[in-house]
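> Below are the structure tokens for one structure; questions will follow.
A short reminder: the numbers here are calculations on the coordinates, not readings from a lab. These numbers were taken from a predicted model, which means no experiment stands behind them. Here the Cβ positions follow ideal geometry from the backbone for every residue, glycine too, while neighbour counts run over all protein chains shown.
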Amino acid sequence: MKPHNPQAQFIHLLRLGWDLRNLGVCTSLVLPVTGPPVLEVMQAGRTRLRVMAVRRSREWVFTWRPWWAGIRWRGEWVCAEADNAADIIVAEAIA
């Protein structure tokens with residue numbers, strides 16, 4: 001896969017969205033015309049986190065930052081293949 005493969009990013013975010021749905025968390029997958037896809041994690045009808053799938057070295061990771069954070073915010077990350085990735089992201093969303 002290419003380092004910035006939007007289809008691979010979409011697939012990882014779709015899987016994460018489904019895992020979050022199974023945990024009772026509302027999400028919205030945003031597919032902008034330009035730029036990478038983003039999964040918005042909602043709570044009480046408001047966006048709490050924006051999650052992106054990024055390829056680092058040889059693995060995919062989910063990285064996120066609060067909805068209010070500027071572009072320079074480094075954010076947090078978890079391996080996209082981690083079994084508990086959705087649990088970690090939920091903990092961050094409700095923190």
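> Which value in nm describes the separation of the simple spin-label points at ARG15 and TRP77, placed 7 Å from the Cα toward the beta carbon?
Between ARG15 and TRP77, the label points sit 1.7 nm apart.
> Using Cα atoms only, what is the angle between the long axis of helix 85-94 and the major principal axis of the chain, expressed in degrees (0 to 90) to the nearest 10?
Approximately 40 degrees, to the nearest 10.
> Picking from VAL61, VAL33, VAL51, which is most flexible by a Gaussian network model of the chain using Cα springs under 10 Å?
Of the options given, VAL33 has the highest mean-square fluctuation.
> What list do you get for ARG15, ARG56 if you sort them by fewest beta carbons within 10 Å?
ARG56, ARG15
> Along Cα→Cβ, 7 Å out, is where each label goes; now give me the distance between the ones at ASN22 and ILE94 in nm to one decimal.
In this crude spin-label approximation the distance works out to 1.8 nm.
> Provide the gained length on full extension for the span VAL54 to MET42, in nm with one decimal, where the gain is 0.36 nm per separating residue minus the Cα-Cα distance.
2.3 nm
> Once both axes come from the Cα atoms, what is the angle between helix 6-22 and the longest principal axis of the chain, in degrees from 0 to 90, rounded to 10?
It works out to around 30 degrees.
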